[in-house]
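Reading through the structure tokens given below for one structure.
The values are calculated or read from the model by the stated rules, or taken from the named source; none is laboratory data. Because the structure is predicted, anything quoted here is derived from the model rather than measured. Reconstructed Cβ throughout: ideal geometry from the backbone, glycine too, with neighbour counts over all protein chains shown. Ligands, DNA and RNA are stripped out before the accessible areas are found, and what is left, the full protein with its side chains, is counted by its heavy atoms. Shrake-Rupley method; radii C 1.70, N 1.55, O 1.52, S 1.80 Å.
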Amino acid sequence: MKRFIVMTMFLLLSLCRYPGTAPAAGPFGPPEPFTEAKGGIHTAIGYTYKKDCYENGVERIFTQNIFYSELGRGFARYFELYGRFGIADLEVGNVTRISDELQTSEDFNDNWQFTGTLGVKGYYPLSEIFGVGAFLQGTYSFGDYRDDVRGTFNGVAFTSEYYIENPWDVNAGIALQAHVTSGIKVYTGAYLYHSEAKISLLPYIPESTLKNETRIGGFAGFNIPIGRGFQLNLESQFAKRVSAGMAIVLVH
Amino acid sequence: MKYAVLQAVLIAVIISASGCAHHNDRAAMDPRELNSSAESTDRVPSSEVSGKSSENQPVMFASSSTIERNLGETYKISQAVEMKSGFNDDDWEEEEWEQEEFTIADPLEPFNRAMFQFNDTLYFRVLKPVAQGYSKVVPKPARSGISHFFDNLKFPIRFVNNLLQANFKGACSELGRFTVNTLWGVGGFLDPASKKELAIPEYDADFGQTLGMYGFGPGFYIVWPGFGPSSARDTLEIGTNIFLNPVSYVDPGYISIAARAYEIVNDTSLRIGDYEILKEAAIDPYVSLRHAYIQYREEMIRQRKNPPKPGGIN
């Protein structure tokens with residue numbers, strides 16, 4: 001068993017350093033549900049700084065600040081369903097050069113749009129200290145992001161509206177968790193993901209789909225009880241870009 | 001403007017039943033009083049609720065005085081006080097308390113009785129059937145959550161009036177409750193501020209209570225169509241409640257009206273049967289309501305002025 005745990009930890013930590021991957025989603029949280037019992041409820045507020053690399057001929061880096069509120073409910077022992085609702089902005093920092101003919105001079109920026117996440121996770125305790133878990137989580141942005149950008153097309157100046165429609169992603173992963181002292185949980189894991197967004201810059205770029213550049217990432221985090229039923233969750237997702245998030249969780 | 005007028009009219013019509021139920025609720029706070037008030041002037045021992053209240057003072061203020069106050073909260077108060085103080089019927093009979101009598105004039109009694117009848121009819125013919133149908137469709141946990149949500153939205157009413165009463169502890173407590181319930185209560189649908197680990201006390205407050213704190217008497221008794229029992233002083237509370245309730249500012253106005261009507265139906269669905277019990281118990285429900293209303297309001301103000309000392313008698 002110890003060999004299995006050590007190998008799993010090594011594998012997961014190796015994945016975290018896997019070059020060329022990109023993070024995609026908000027925090028996954030510890031694999032062990034916040035409420036172990038069936039019918040238990042937890043709520044949380046959180047913030048995520050998210051970076052993701054999209055590719056469609058040219059690599060584009062999406063940066064988002066996400067603020068959300070979370071509600072989770074245990075539907076069986078060690079199984080939990082959770083949902084998040086929040087707002088997210090969007091910045092695309094690499095639209096300055098689209099092609100040899102078409103160039104823009106500004107970054108894409110748009111303000112807050114609503115975003116929602118649904119997820120499910122399950123946990124299996126291996127011992128009093130260690131346990132493994134798996135999750136599936138999807139996020140969808142309800143609004144269309146848009147920004148006026150100026151640029152040149154074959155040397156002729158133009159101003160047009162750049163659309164980024166309904167970014168979404170799906171993530172699935174596994175994680176290993178360890179209970180350390182004072183109720184603190186440490187966890188690390190790996191995940192697969194797929195993300196998409198539609199873009200257009202009419203009439204120069206017809207509607208097309210951007211997809212994530214890579215498909216795998218790693219994550220690690222802490223969950224720390226801070227008293228009166230509250231817990232602090234800190235998590236980072238490692239890859240070509242780094243994302244990070246924190247949440248304050250209240251178990252009801 | 002037209003929406004404001006429309007809203008006022010609709011609220012007046014719809015809440016009447018709610019008003020009936022609420023004030024009957026107050027009467028039900030202490031059924032002993034119901035049969036003792038067949039006079040046009042009410043006299044009530046003020047210390048009957050708070051006389052032996054102990055250190056948990058916030059509980060005593062937990063449910064307040066707006067005319068839309070629900071009966072469940074009123075029960076909660078009296079039960080909580082009794083639990084904290086060990087106060088029960090035997091104590092009531094055996095102990096001798098310093099008696100303070102509350103009175104209110106009722107020069108508009110013919111009008112008030114007509115309005116009482118109007119509200120009563122509206123409750124049985126409109127509000128109760130709608131609330132019963134609604135409660136069959138929506139499960140109780142959801143209705144409780146919705147009730148919490150609307151109550152959480154009324155935070156500005158409680159916060160501002162606590163400040164006006166110079167009750168800064170109460171204002172801070174209400175701010176804390178609002179923050180916790182909004183952020184970790186899914187916008188107020190849950191009430192984590194009341195859970196055991198946090199236990200942030202409620203400090204309910206309204207404008208009528210604030211005026212009472214500064215020495216304004218209740219004036220005369222009046223029953224408003226839709227709003228139920230009130231007094232000249234507490235009537236001012238209706239306007240301030242609309243002004244401080246964020247729901248009033250929802251645009252377009254008809255959504256604000258619909259939300260208010262929905263809140264009334266939802267709250268009523270949680271209290272069906274309370275009013276009926278009161279009517280059955282009372283010899284004259286009108287007098288019982290008036291009596292309960294004035295004793296409840298004045299007791300609230302008295303307690304806010306002179307918070308009960310831990311383990312002692314005011």
Worksheet item: To the nearest whole number, what is the average tally of beta carbon atoms from other chains within 10 Å of the beta carbons of peptide B:193-199?
Response: 3
Fill in: Cβ neighbours within 10 Å from other chains - mean over A:223-232
2
Discussion item. Using a Förster radius of 35 Å, what is the FRET efficiency between A:V156 and A:N111 based on their Cβ-Cβ separation? Nearest 0.05, please.
Written reply: 0.75
Worksheet item: To the nearest 10 degrees, how steeply does helix A:2-16 sit against the main Cα axis of chain A, on a 0 to 90 scale?
Response: 20 degrees
Practice prompt. Quote the FRET efficiency, to the nearest 0.05, computed for B:S144 versus B:T235 with a Förster distance R0 of 22 Å and r equal to the Cβ-Cβ distance.
Written response: 0.15
Response to the item:
Diffing the stretch B:202-210: the Karplus 3J(HN,Hα) column from phi (6.51, -1.76, 1.60, θ = phi - 60°), in whole Hz with x for Gly and Pro, holds 7, 10, 5, 8, 9, 6, x, 5, 4
Worksheet, complete the sentence: Sorted by chain and number, the residues with a modelled amide H under 5 Å from that of A:T214, at a separation of 5 or more or across chains, are A:A22
Worksheet item: So what's the gap between the Cα centers of the stretch B:185-204 and the stretch A:96-168, to the nearest angstrom?
Response: 36 Å
Practice prompt. With a 10 Å radius around each residue's Cβ, average the other Cβ atoms per peptide and rank A:203-216, B:270-283, B:149-162, highest first.
Written response: B:149-162, B:270-283, A:203-216
Worksheet item: If you bin every alpha carbon distance in the stretch A:2-251 into 10 Å steps from zero, what whole percent lands in each bin?
Response: 8, 31, 31, 18, 9, 4, 0
Item to complete: Step through the residues of the stretch B:269-276 one at a time and calculate ³J(HN,Hα) from phi using the Karplus curve (6.51 cos²θ - 1.76 cosθ + 1.60, θ = phi - 60°), rounding each to whole Hz and writing x for Gly and Pro.
Response: 4, 8, 10, 4, x, 5, 5, 4
Discussion item. Using DSSP to call loops (not H, G, I, E or B), can you name the chymotrypsin sites (Phe, Trp or Tyr not before Pro) in the stretch A:88-186 whose Cβ has at most 13 other Cβ atoms within 10 angstrom?
Written reply: A:F142
Worksheet item: What is the set of long-range amide H partners of A:A76 at a cut-off below 5 Å, with H atoms built 1.01 Å from backbone N?
Response: A:G39
Worksheet item: For chain A, which whole-number percentage of the solvent-accessible area (1.4 Å probe, protein heavy atoms only) is attributable to carbon and sulfur atoms?
Response: 61 percent
Discussion item. At 1.4 Å probe size, put B:S288, A:S236 in order of accessible surface, largest to smallest.
Written reply: A:S236, B:S288
Fill in: Full-stretch length increase - A:R146, A:V170 - with 0.36 nm per residue and alpha-carbon distance subtracted
6.3 nm
Item to complete: Please turn the phi angles of the stretch B:290-297 into ³J(HN,Hα) values with the Karplus equation 6.51 cos²θ - 1.76 cosθ + 1.60 (θ = phi - 60°), one per residue in order, whole Hz, x for glycine and proline.
Response: 4, 4, 5, 4, 5, 5, 5, 5
Fill in: Subset of A:K38/B:K195; A:K38/A:K121; A:K38/B:K140; B:K195/B:K305 violating a 21 Å alpha-carbon distance limit
B:K195/B:K305
Discussion item. Buried accessible area between A and B (1.4 Å probe, both chains summed, ligands and nucleic acids excluded), in Å² to the nearest 100?
Written reply: 1000 Å²
Practice prompt. Determine the sum of side-chain charges near B:D234: Lys and Arg each +1, Asp and Glu each -1, restricted to other residues whose C-beta is under 10 angstrom from that of B:D234.
Written response: 0
Item to complete: Hey, can you grab everything whose amide H is under 5 Å from the amide H of B:S231? Only 5+ residues off in sequence or another chain; H modelled, so Pro and N-termini drop out.
Response: B:I222
